[in-house]
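One structure below.
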Amino acid sequence: MSLAGRALARRAWRDARVRVVAFGYLFLIYAYVQPVGYRHAYPSLADRAAFARSFGGNTAIRLFYGQPHDLLSIGGYCAWRVSGTLTIAAAAFGLLASVRALRTEEDAGRAELVLAGALGRTAAYRSSLAAIGAGIAVLWVAELAGSLAGGLALGDSAYMALATVSVAFVCAGIGALACQLAPTRRVALDIGGAAVGLLFVLRVVADTAGGAGWLRWATPLGWAEELRPFAGARPLVLVLPVLAGVLLLGLAWRIALRRDIGTGLLRERDSAPARPGLLSSPTRQALRGERSSLAVWLVSVGAFAFILGTISSSVSAVGVSKKIQQEIARLGVGSILTPVGYLSFVFLFFVLAISLFACAQLSAARREEAEGRLETLLALPATRGAWLGGRLLLAGAAAVILSLAAGLFAWVGAASQGQSIALSRMLEAGANCLPAALLFLALAALAFALLPRAASGIAYTLVVLAFLWQLVGSLLGAPRWLVDLTPFQHIGLVPAQALRTGSAVVMLGIAALAAACALAVFRRRDILGQ
Amino acid sequence: MTQHRAEDRSGESREEQVLAIRTQALSKRYGEVVALASLDLQVARGEVYGYLGPNGAGKTTTLRLLLGLHRPSSGSAALFGLDCWRDPLAAHRRVAYVAGEPALWPSLTAEETLDFLARLHGGSDAAYTRELVRRFQLDGSRRLRAMSKGNRQKVSLIAALATRAELLLLDEPTSGLDPLMEVAFRECIKEAQDRGQTVFLSSHILSEVEALCDRVGILRAGRLVDEGSLQELRHLSAQIVEVTFAGASPALGPLPGVHAQSAGPHAMRYEVSGAIGPLIAALAAHPVTALSSREPSLEEIFLHHYDGSKES
């Protein structure tokens, strides 16, 4: 690589390092916690056998962790738990990293500067890929280190981590191609996100619906499962992600050579007749700007809820002994052996999704400030309180709609399979997502008021940490009060259980307080650019 | 607006009638960096005030403080007697602002942007907007995303001018405009002045300030180093006398307040501060073929202030 190429790669790496480090910690800690937790929770072989019988075949669990191949060994368990979760994180990382390196710079106009210099398009592309590759390598090392620290063997751990990051590689290719197709960074993220979401749904269907196992071969998330670390490894399968990644990146490179800088193959019209709707206040205009993203969220949440509703009918306790059912209940995931119990469990993931949506809304508000448009607004007779309050109301209202849509479409899916769950109960399950999501929204707003430049990172980290802590905190045998710190611990498993009104009121109370503080602090601080 | 006037204390209401902008010991620090040090500024209503300074002198900081976007570290700023930080909304109803780097919404068209900004301001003159769009040759159906910086700057300018606000705060408003549009801009500012609007023009384009402004303030490293009408600034600076001789330039010997410089084999350039008489008397003894005297340009005044700028 030339001197200029190396300089550019270093620049791209510096841009990405905060995200790389955050994901690296996630991989490290998660890979470490699983073997330790497994030994702690299932010390004897008998425990493990009982666990394998109960969980191995459970649709609800397989939905998120994929298909287990061997649950009697620590390695097999980790391959299932670690890979299942971290491949999804790896997919998100690959997409975000490649859009950041290949498109964000271009939209900011800096790519022109680079290409006007002594660097050709191929060299610039290669430099960006080098930075993405370095990020993926860091994740590989992080997962490997976590597994080793957890007491797993070196060779198998390295192979397992390779299986995980293979997904990041393919998704980086998807992102790279999306960057060539889309006219802007934002559309590239939408296209890439839709593609990755589809690949996830394919894996979910493959792992849960009877007779659809072959679909696993249609998605990189399925390939990672078929690599089968710790359970009869099949390294030949690696050919698939390598081939797919190389093809996607190669295709993106071909297009990048020919394309006009700042545009994509899909053109957006540069002129349009004026449409005066939604321009009478900053909040309405924000809705106008966010509506395509809101629509994407609504369709994704609705479709996913529908699929889960449909799958729920196939969950049953037939053939599972009483003792094992008690075991499952003891693990705190409720009665996931009935359709209702299953839906209650999966709705925890809607809490996560809608909380992440809240973070995305706050990020959009921060971008408005960082890019100077908030200054334009506040130089007009618009108050800071009305602006931030309006954005929060907008995000809150959208969260309400998404939550209820999740409940509604899960009900439609379940009803289509002849399940008899009351619509009102499913809407309640949807509404059950709200207290935590609004709490995270308000905390994100507080971060935005106090530390605008770091707010996005803080908000997302808070949600992801709280969620993971709920998953692993009790497994590790952490003290009760420490486990109770995460809001996810206080969410009732609706519709199997009643909505925990007390917890909901407390969360909403804290949310209101945080939002009020955010507004008060925001009124007093400087408006900050990038 | 009238409500606010009624609410003001009587001491402020007189000031409000005369002054559009007033800052008192206004200072802003960002961490260790002093962006603005004890600025005392008074801009009368109807005045066109040129705010000069090189990049990083504190011009944009001043505007952000005047708009209540940043909070003063100490001191205060008021527009029409209304405190910029405590009461920004009332002030903003009477103000229109053009940022140096126009930050607008990429997905909106020019027409939608003008509509949006007009509504947020509480209305604007629709006929005047159309006229400005025509004068600045703006394509209203184009999305901001597809526009050059100059064209985005035009959108921002038209939105501000169309409000007919009492005070125009302009932060290097012509930095992306071509010479034709620069002419259109100057016409608009002159019209605004004729209508009695106040204009605060932050700029480093000296010819523009010289052509438009009644009074000029020169900012250096966060401090106002000079202020006054162009006339006053010129009086304080040296007068330039350029002389061509029939033969070789003579040496006139030392004269008080005169700084001589060679301007060619037969020409000299004298900077005179104070009385010009002694120089004329000394020249009378020599074969002068041409003599011109002129006041220093704003550029020369400006550069004079920055000659020793490294010292601070």
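Kindly provide the set of residues from segment A:258-287 that are surrounded by 12 or more Cβ atoms within 10 Å (Cβ to Cβ), of a type in the set (K, R) and either on the phi > 0 side of the Ramachandran plot or at the interface with another protein chain (Cβ under 10 Å from one of its Cβ atoms) (or both), ordered by number.
Once the filter is applied, which keeps residues that are surrounded by 12 or more Cβ atoms within 10 Å (Cβ to Cβ), of a type in the set (K, R) and either on the phi > 0 side of the Ramachandran plot or at the interface with another protein chain (Cβ under 10 Å from one of its Cβ atoms) (or both), segment A:258-287 yields A:R275, A:R284.
Name the residue, out of B:L180, B:L168, B:L157, that is crowded, with 22+ Cβ neighbours inside 10 Å and more than 29 Å from A:T184 (Cα to Cα).
From the options B:L180, B:L168, B:L157, the qualifying one is B:L168.
Test A:L427 against the stated conditions and say whether it is at pLDDT 95 or above, in contact with a helix residue (DSSP H, G or I) (Cβ under 7 Å, 6 or more places away or on another chain), more than 14 Å from chain B (Cβ to nearest Cβ) and surrounded by 24 or more Cβ atoms within 10 Å (Cβ to Cβ).
So A:L427 does not fit the description; no.
Could you give me the residue pairs with C-beta distances under 6 Å whose first residue belongs to segment B:256-276 and is farther than 13 Å from B:Q239 by Cα, whose second residue is part of a loop (DSSP other than H, G, I, E, B) wherever it lies, and which are 6+ apart or on separate chains?
Correct list of pairs: B:M268/B:S249.
Touching a residue at least 40 places away in the same chain (Cβ under 8 Å) and under 20 Å from the mean Cα position of the chain (by Cα): which single residue out of B:L36, B:L82 fits that description?
Of the residues listed, the single one that is touching a residue at least 40 places away in the same chain (Cβ under 8 Å) and under 20 Å from the mean Cα position of the chain (by Cα) is B:L36.
Hey, among B:T129, B:T61, which residue is outside any loop (DSSP other than H, G, I, E, B), within 13 Å of another protein chain (Cβ to nearest Cβ), touching a His at 6+ places or on another chain (Cβ under 9 Å) and among the polar types (S, T, N, Q)?
Only one candidate passes the filter, namely B:T61.
Here's the yes/no breakdown for (1) at pLDDT 85 or above; (2) out of contact with any Cys (no Cβ under 8 Å at 6 or more places or on another chain); (3) of a type in the set (G, A, S):
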| residue | (1), (2), (3) |
| --- | --- |
| A:F23 | yes, yes, no |
| A:F27 | yes, yes, no |
| A:A60 | no, yes, yes |
| A:S98 | yes, no, yes |
| A:T104 | yes, yes, no |
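Consider B:D125 carefully, then state whether it is among the acidic types (D, E) and over 25 Å from the mean Cα position of the chain (by Cα).
The answer is yes for B:D125.
Yes/no per residue for (1) in the same structural domain as B:G53 (by TED's automatic domain parsing); (2) of a type outside the set (G, A, S):
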position	(1), (2)
B:L219	yes, yes
B:L224	yes, yes
B:A246	no, no
B:P256	no, yes
B:Q261	no, yes
B:G264	no, no
B:M268	no, yes
B:E271	no, yes
B:P278	no, yes
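Among the residues of segment A:334-387, how many are more than 9 Å from every other protein chain (Cβ to nearest Cβ), part of a loop (DSSP other than H, G, I, E, B) and free of Cβ contacts under 8 Å to residues at least 40 places away in the same chain?
Within segment A:334-387, residues that are more than 9 Å from every other protein chain (Cβ to nearest Cβ), part of a loop (DSSP other than H, G, I, E, B) and free of Cβ contacts under 8 Å to residues at least 40 places away in the same chain number 0.
For segment B:117-171, enumerate the residues that are closer than 17 Å to B:A192 by Cβ and among the charged types (D, E, K, R).
B:D125, B:E131, B:R135, B:K154, B:R164, B:E166, B:D171
Collect the residues in segment B:265-278 that are in contact with a strand residue (DSSP E or B) (Cβ under 8 Å, 6 or more places away or on another chain) and within 17 Å of B:R294 (Cβ to Cβ), keeping them in residue-number order.
Once the filter is applied, which keeps residues that are in contact with a strand residue (DSSP E or B) (Cβ under 8 Å, 6 or more places away or on another chain) and within 17 Å of B:R294 (Cβ to Cβ), segment B:265-278 yields B:A267, B:M268, B:R269, B:Y270, B:E271, B:V272, B:S273, B:I276.
Being in contact with a Gly (Cβ under 6 Å, 6 or more places away or on another chain) and not in a strand (DSSP E or B) is the filter; apply it to segment B:15-51 and report the residue that is nearest to B:I301 (Cα to Cα).
B:G46
Of all the helices (runs of 4 or more DSSP H) wholly in segment A:439-530, which have at least 3 residues that are among the polar types (S, T, N, Q)?
A:455-472
For A:P452, indicate whether it is over 17 Å from the mean Cα position of the chain (by Cα) and modelled with pLDDT of 90 or more.
yes
When you look at B:R71, is it modelled with pLDDT under 95, within 11 Å of chain A (Cβ to nearest Cβ), surrounded by fewer than 21 Cβ atoms within 10 Å (Cβ to Cβ) and within 26 Å of A:R288 (Cα to Cα), yes or no?
When the stated conditions are applied, B:R71 does not pass them.
Table: residues versus (1) in contact with a helix residue (DSSP H, G or I) (Cβ under 9 Å, 6 or more places away or on another chain); (2) within 14 Å of another protein chain (Cβ to nearest Cβ); (3) at positive phi.
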{"residue": "B:P173", "(1), (2), (3)": "yes, yes, no"}
{"residue": "B:G196", "(1), (2), (3)": "no, no, yes"}
{"residue": "B:E208", "(1), (2), (3)": "yes, no, no"}
{"residue": "B:I218", "(1), (2), (3)": "yes, no, no"}
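Checking the condition assigned to a helix (DSSP H, G or I) and either without any contact (Cβ under 8 Å) to a residue 24 or more places away in the chain or in contact with a strand residue (DSSP E or B) (Cβ under 6 Å, 6 or more places away or on another chain) (or both), which residue from A:L139, A:L86, A:L113 passes?
Matching residue, one of A:L139, A:L86, A:L113: A:L113.
Yes or no: segment B:96-106 includes at least one residue that is surrounded by 22 or more Cβ atoms within 10 Å (Cβ to Cβ), within 10 Å of chain A (Cβ to nearest Cβ) and touching a His at 6+ places or on another chain (Cβ under 8 Å).
Checked against the condition, which is being surrounded by 22 or more Cβ atoms within 10 Å (Cβ to Cβ), within 10 Å of chain A (Cβ to nearest Cβ) and touching a His at 6+ places or on another chain (Cβ under 8 Å), segment B:96-106 yields at least one hit.
The values are calculated or read from the model by the stated rules, or taken from the named source; none is laboratory data. Keep in mind the model is a prediction, meaning the values are calculated, not measured. Using ideal geometry, Cβ is built from the backbone for each residue, glycine included, and neighbour counts are taken over all protein chains shown.
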